[in-house]
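Working notes, structure below.
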Amino acid sequence: MPLYEYRCTSCGHRFELLQRLGEGSEGVECPRCGESKAERQLSTFAAGAASGASGAFSSGGRGGCGSGFT
Ligand SMILES: [Zn+2]
């Protein structure tokens with residue numbers, strides 16, 4: 001779930017909100033004044049989140065666990 005940054009147009013308070021993708025900004029209330037006049041800001045970090053973690057971690061080789069109890 002992406003984290004969106006909102007700014008209240010009523011009191012100017014800025015806050016962050018976790019929302020599902022595609023969810024709009026309607027009904028988002030400012031935690032400070034309670035007005036639902038929050039405006040979504042452009043996210044600062046979501047831009048480079050396109051490339052996910054793939055591969056690079058798959059080659060199974062966890063060495064170093066040799067328990068020699070006899
Ligand atoms: Zn507010």
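Annotations
- Phi to ³J(HN,Hα) by Karplus 6.51 cos²θ - 1.76 cosθ + 1.60 over the range 28-33, Hz, x for Gly, Pro: 7, 9, 6, x, 8, 10
- In the context of the full set of protein chains, the range 3-44 has a per residue accessible area of 71 Å² (1.4 Å probe).
- Cα point-scatterer Debye curve for the range 3-44, base-10 log of I(q)/I(0) at q = 0.16, 0.33, 0.34 Å⁻¹: -0.32, -1.27, -1.32
The values are calculated or read from the model by the stated rules, or taken from the named source; none is laboratory data. Just so it is clear, the model here is predicted, and its values are computed rather than measured. Protein only, heavy atoms only, side chains kept; ligands, DNA and RNA dropped before computing areas. Shrake-Rupley method; radii C 1.70, N 1.55, O 1.52, S 1.80 Å.
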